[in-house]
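Pasting a structure below so you can have a look.
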């Protein structure tokens, strides 16, 4: 870390005069300030967030070559201001907030130097999202100003419908800019990104159909955006044959991103080893549990909507009652509606459905534990973090090891706590889920290690998931491997985050000896917020070693 800081400081000094003289007088990036208190750090954070957003021109974010070059140049000054602050006497929780900003700045630097989604990834230009995300901020690099339909209250008010229509009508202008910006040569990102734009077109058409009677002008705007989306997809297709480059970023860049952006204390090689170990453990455990249950009837699949609704709601209620009655955590009334709203609906299919449907339709409890996500999101709304900085989701999905790590850990932790004692064969699904996450995470690693392309990664992951539940050409794995290619570090965050939470539980319990209380641990974990596990570890134990293993002392 010291070498990296020195480089940042030298770069800042070299560029400072250029930044000051080449930016306009009202450009916030040109104003160097100094501060020393936590309260000033909070103010600095919100100014930083204003700077991080691209400028909007006629309702369209500016990702032009010139705009991005200017933003990257100005970043050095922001980094200089942050690293000049002496936080050594601050409480740990305030130092943690400093690191969150530091990681975000590294994330911007990494995005400008390496991933450049506005140049390399057509999926970056998806402008309309009809479905909610289960983590604090939508996964993957997403364009500033995109329309998140779930953030609007349903049914839509007249004012909201007017606003969405106005934003949708900016799609054509955005896509003209995209044709200029997309100069990259990443083959797999180009092809999968073209698919994403076509999927957006279908989403816009379905949305228009759903509101054509209640909001006809909005429906027309959605169809206009669909036409713009189709036109962009057609243009992307004409360019595809010229795209021959790799899409992965390489092992060294991947490791830098893990350590300096996501604050994860491993290299690419170490993550491969850990993921391989968890994949083997999942398969071994599954076979022994199958042997143990060999005389019990196998799980049958739900095949109708009535049974689905009944069993999913029963599983949800049972899971919530377990959290409360077993004193896993402090139960709050908002948790039940948060979980019930995400039960989903039955989707008939003659063959293999999506992987998670295959799990759900055998026993809904396993995915209920993973969907602890929705309790977390409700907590963020209902119990805002005491830190104003942590009330705002981190950029670049820096939260991934904690958000996905805990959701994944809940599957095995709740099994260990006794949740599945009346559902013995559901325990087998826990191991199948772990195998699937380890296999697809390895696929992402191999893509970024330049050892596999996306098709090979999908085939690899499919081959390691039991019973053919993850077809290599199915929607689940093809979209997951695309996502992990777009957002380095996310694909392994489920399993790696779970492993680091195991370390946290061990250290926290060791400090308390026979005074360990699960409810106290979970409440403290939840209070700290959805931030990297290495920072949670430091705040909960006073031990900075996990963070130092990532970024140095």
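The values are calculated or read from the model by the stated rules, or taken from the named source; none is laboratory data. Small disclaimer: the values here were computed from a predicted structure and weren't measured. Glycine also receives a Cβ, built like all others from the backbone with ideal geometry; neighbour counts cover every protein chain displayed.
Within the range 410-425, how many residues are surrounded by fewer than 24 Cβ atoms within 10 Å (Cβ to Cβ) and in contact (Cβ under 8 Å) with a residue 60 or more places away in the chain? I'd like the intermediate steps shown before the answer.
If we filter the range 410-425 for residues that are surrounded by fewer than 24 Cβ atoms within 10 Å (Cβ to Cβ), which is where we start, we get 412-418, 420-425.
From what is left, the residues that are in contact (Cβ under 8 Å) with a residue 60 or more places away in the chain are 412, 414, 417-418, 423-425.
Count: 7.
A follow-up question, please. Determine which member of the set 263, 232, 236, 258 is over 17 Å from residue 176 (Cβ atoms), assigned to a helix (DSSP H, G or I) and either at pLDDT 95 or above or in contact with a strand residue (DSSP E or B) (Cβ under 9 Å, 6 or more places away or on another chain) (or both).
The match here is 258.
Of 214, 247, which residue is at pLDDT 95 or above, outside the structural domain of residue 174 (by TED's automatic domain parsing) and not in a helix (DSSP H, G or I)?
Numbers: 214 fails: outside the structural domain of residue 174 (by TED's automatic domain parsing).
Of the residues listed, the single one that is at pLDDT 95 or above, outside the structural domain of residue 174 (by TED's automatic domain parsing) and not in a helix (DSSP H, G or I) is 247.
Here's something else I'd like to know. Using the structure shown, decide if residue 188 is under 20 Å from residue 396 (Cβ atoms) and touching a residue at least 24 places away in the same chain (Cβ under 8 Å).
So residue 188 fails the test.
Among 321, 282, 338, which is the only one that is assigned by TED's automatic domain parsing to the domain that holds residue 495 and surrounded by fewer than 16 Cβ atoms within 10 Å (Cβ to Cβ)?
321
Looking at the range 33-49, is at least one residue under 24 Å from residue 182 (Cβ atoms), crowded, with 17+ Cβ neighbours inside 10 Å and either in contact (Cβ under 8 Å) with a residue 12 or more places away in the chain or within 19 Å of the chain's Cα centre (by Cα) (or both)?
Looking through the range 33-49, none of the residues is under 24 Å from residue 182 (Cβ atoms), crowded, with 17+ Cβ neighbours inside 10 Å and either in contact (Cβ under 8 Å) with a residue 12 or more places away in the chain or within 19 Å of the chain's Cα centre (by Cα) (or both).
Among the residues in the range 200-208, are any over 29 Å from the mean Cα position of the chain (by Cα) and at pLDDT 95 or above?
Checked against the condition, which is being over 29 Å from the mean Cα position of the chain (by Cα) and at pLDDT 95 or above, the range 200-208 yields no hits at all.
Here is a list of conditions, (1) crowded, with 20+ Cβ neighbours inside 10 Å; (2) touching a residue at least 24 places away in the same chain (Cβ under 8 Å); (3) more than 14 Å from the chain's Cα centre (by Cα), and residue 385 meets all of them except one; can you say which number that is?
(1)
Within the range 350-361, restricting attention to residues that are in contact with a helix residue (DSSP H, G or I) (Cβ under 7 Å, 6 or more places away or on another chain) and surrounded by 21 or more Cβ atoms within 10 Å (Cβ to Cβ), which residue is nearest to residue 100 (Cα to Cα)?
Going through the range 350-361, the residues in contact with a helix residue (DSSP H, G or I) (Cβ under 7 Å, 6 or more places away or on another chain) turn out to be 352, 354-356, 359-360.
Subset that is surrounded by 21 or more Cβ atoms within 10 Å (Cβ to Cβ): 355, 359-360.
Working: 355: 34, 359: 35, 360: 36 Å.
Across the range 350-361, the extreme among qualifying residues is 355.
Residue-wise test of (1) within 22 Å of the chain's Cα centre (by Cα); (2) closer than 25 Å to residue 90 by Cα; (3) modelled with pLDDT of 95 or more.
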{"residue": "497", "(1), (2), (3)": "yes, no, yes"}
{"residue": "519", "(1), (2), (3)": "no, no, yes"}
{"residue": "529", "(1), (2), (3)": "yes, yes, yes"}
{"residue": "550", "(1), (2), (3)": "yes, yes, yes"}
{"residue": "553", "(1), (2), (3)": "no, yes, no"}
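For residues that are touching a strand residue (DSSP E or B) at 6+ places or on another chain (Cβ under 7 Å) and either assigned to a loop (DSSP other than H, G, I, E, B) or farther than 22 Å from residue 119 by Cα (or both), tally how many sit in the range 169-182.
The qualifying residues number 1.
Which members of the range 133-161 meet the condition of being in contact (Cβ under 8 Å) with a residue 24 or more places away in the chain and surrounded by 15 or more Cβ atoms within 10 Å (Cβ to Cβ)?
Scanning the range 133-161 gives 134, 135, 136, 137, 139, 140, 141, 143, 145, 149, 156, 161.
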